[in-house]
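The values are calculated or read from the model by the stated rules, or taken from the named source; none is laboratory data. Note that the coordinates shown come from a computational prediction; the quantities given were computed from them, not determined experimentally. Neighbour counts run over all protein chains shown; Cβ positions are idealised from the backbone, glycine included. Note: areas computed on protein heavy atoms with side chains; ligands, DNA, RNA excluded. Shrake-Rupley method; radii C 1.70, N 1.55, O 1.52, S 1.80 Å.
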Amino acid sequence: MIGYKDNILMCEDIDIRELAEVYDSPFYIYSKNDILNKIRFLKDIFSSLDNVLIAYAVKAENNLSILKMMADEGIGADVVSIGETLKYIKAGGKAENIVFSGVAKTEEEIRKSIELNIKRFNIESIPEAVRINNIAKEMKKRVKCSIRVNPNVDAHTHEKITTGVTGNKFGISIKTIRENANLLKSLDNISIESLSMHIGSQMTDSEPFYKAILAMKDFINDVNSMGFNITDIDIGGGYGVRYDKNSSGFDFEHFKSKSINLLKEMNLNVTTEPGRYFVAESGALIMRVEYIKEELGRKYAILDGGMNDYIRVAMYDAYNDICPLVKKENVSNYDFVGPICESSDFFAYNRECSFIEEADYVALLDAGAYGFSMSSNYNSRPLISQIMVDKDKHYVIRKRQTFEDMIANEII
Ligand SMILES: *Cc1c(COP(=O)(O)O)cnc(C)c1O
């Protein structure tokens, strides 16, 4: 819960100005109870189904403290690398609740995942199925797999985060599955028990979700008629959040009445893989105003945080609210820009904001997902700290990199 109370921006019970006095800017903050509320809300949405695994898409934010919260709440993990698997287990998560997605699983990642006994591989190509089978055979194991199908349903979201239409690299088409059914059935060391999908991210309309599950229902019948025995469905993630508070978030009411009901009818074990939904609105990036620069009629608020700290605006034209820590009566329009030497290093153009000046702080809201986890050392800037807020307490969950940390692996 990050929001204004009497014109002061609060994270739970803490005035964020207090945090800005304690921690070096820029830094990320997260509301612990907001994350917990999101987890409980989603559990409730799925509560009418008998056998559900909610697997957090670790790539959205992989701090060990946040992964521990997930594990403590009985949330599994959807991972896309062995690094994410090891972090989730390190944080107390169980291997049996891990599903491994991603198009480029290496031999080493597959071997290690089989050793750890993860729940399932979500297979994205025929050669991957063959590779997993060969490794499992070597290890004298039989491993559970899901085939990620591309249901060819447009999720109505940004093109760089649409994943479920023909022509992107994810999943296998039903045509290819049919052509390779005999090959797949001959792979004795994998057991294909599930079909999975993930049609896109930041969906607000839940109808495409429903359409995709409906298409999956047909695929499952098709695949069963080819001689498989599908017992599970993985519906992916993509539940959208309200970056713009005037917009609506994901339509959970519609989802519950249509998609959940359909899943109930299908009577399969269900996995879902929310990432963004759990953490986006719970996090904010706090930055200091270094300069106010006025130039040819424009007013730039030049911040000490940039696209290396939060890349979603530069990369996906994302919208995030930007709020001063104290809201004043007067407003002005600003271009919020960062220190990186790229024109794409901005957070908002010509955005109305209550009056700010040099040395004030601003919060980029809803930055908890794909925020820190996509940050980099570009421009030789250290990775910044992450702070957890729990009611009136705050603590560091990741220390800011020092200069020494940053160059530690370099050889001169
Ligand atoms: C990224 C990803 C997710 C999570 O997507 P969100 O939009 O963050 O919910 C789920 N499943 C797969 C396979 C993914 O790649």
Of 28, 71, 47, which is farthest on the positive side of the dipole of the range 3-79, counting Cα position, with +1 on Lys and Arg Cβ, -1 on Asp and Glu Cβ, and the Cα centre as origin? 47
Sorted by mean Cβ packing within 10 Å, highest first, what order do the peptides 81-92, 347-358 take? 81-92, 347-358
Per DSSP H run of at least 4 residues, take -39500 (n - 2.57); add these up for the chain, divide by its residues and hand me the 222 nm value, nearest 500 deg cm²/dmol. -7500 deg cm²/dmol
Evaluate 2.2 N^0.38 Å with N set to the residue count of the range 78-125, then give the Cα radius of gyration divided by it. 1.00
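For the pairs 105/185; 144/256; 293/399; 32/90; 105/211; 141/169, flag any whose C-alpha to C-alpha distance is greater than 27 Å.
144/256; 293/399; 105/211; 141/169
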Given a 1.4 Å probe, the accessible area of the range 304-361 per residue, as a whole number of Å², is 44
When Lys and Arg each count +1 and Asp and Glu each count -1, what net charge do the other residues less than 14 Å away from residue 6, Cβ to Cβ, add up to? +1
Would you work out the charge dipole size for the range 38-146 about its Cα centre, treating the Cβ of every Lys and Arg as +1 and the Cβ of every Asp and Glu as -1, and quote it to the nearest 20 debye? 260
Suppose every K and R has +1 on its Cβ and every D and E has -1 on its Cβ; what is the size of the dipole of the chain about the Cα centre, in Debye to the nearest 20? 1520
Note to self: Kirkwood Rh of the range 55-144, Cα pairs, one decimal, Å, is 13.0
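So how do 375, 31, 343 rank on accessible area, 1.4 Å probe, biggest first, that is with the largest at the start? Mind showing how you got there, number by number?
Numbers: 375 25, 31 0, 343 110 Å².
I get 343, 375, 31, largest accessible area first.
Among bridges DSSP assigns within the chain, what percent are antiparallel (round to 5)? It would help to have the intermediate numbers written out before the result.
On the way: 36 of 72 bridges.
Percentage antiparallel, nearest 5: 50.
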Report the dimensions of the chain along its three principal axes from the alpha-carbon atoms, largest first, rounded to Å. 68, 55, 42
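By the gyration tensor of its Cα atoms, with a ≥ b ≥ c the square roots of the eigenvalues, what is the shape of the range 12-84: rounded for a/c under 1.5, prolate for a/b over b/c, or oblate? Could you put the intermediate results ahead of the total?
Numbers: a/c = 3.67, a/b = 1.66, b/c = 2.21.
Because a/c hits 1.5 or more and a/b fails to exceed b/c, the range 12-84 counts as oblate.
What are the DSSP H helices in the chain that stretch 24 Å or more along their long axis, judged by alpha-carbon atoms, and whose average Kyte-Doolittle hydropathy comes to at least -1.0?
On the way: long enough: 207-225 (27 Å, -0.05).
The qualifying helices are 207-225.
Got a number for carbon plus sulfur as a percent of the chain's accessible area, 1.4 Å probe?
On the way: 8560 of 18310 Å².
Here carbon and sulfur together make up 47 percent of the probe-accessible area.
Between residue 33 and residue 261, what is 0.36 nm times their sequence separation minus the Cα-Cα distance? Round to one decimal in nm. If you can, show how the numbers build up before the last one.
Values: separation 228, 0.36 × 228 = 82.08 nm, distance 2.93 nm.
Taking residue 33 through residue 261 to full extension adds about 79.2 nm, to one decimal.
Just the accessible area per residue of the range 93-141, please: how many Å² with a 1.4 Å probe?
Details: 2270 Å² over 49 residues.
Here the residues of the range 93-141 average 46 Å² of exposed surface.
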Given the candidates 339, 260, 187, the one whose Cα lies deepest towards the positive end of the charge dipole of the chain, counting +1 at each Lys or Arg C-beta and -1 at each Asp or Glu C-beta, is 187
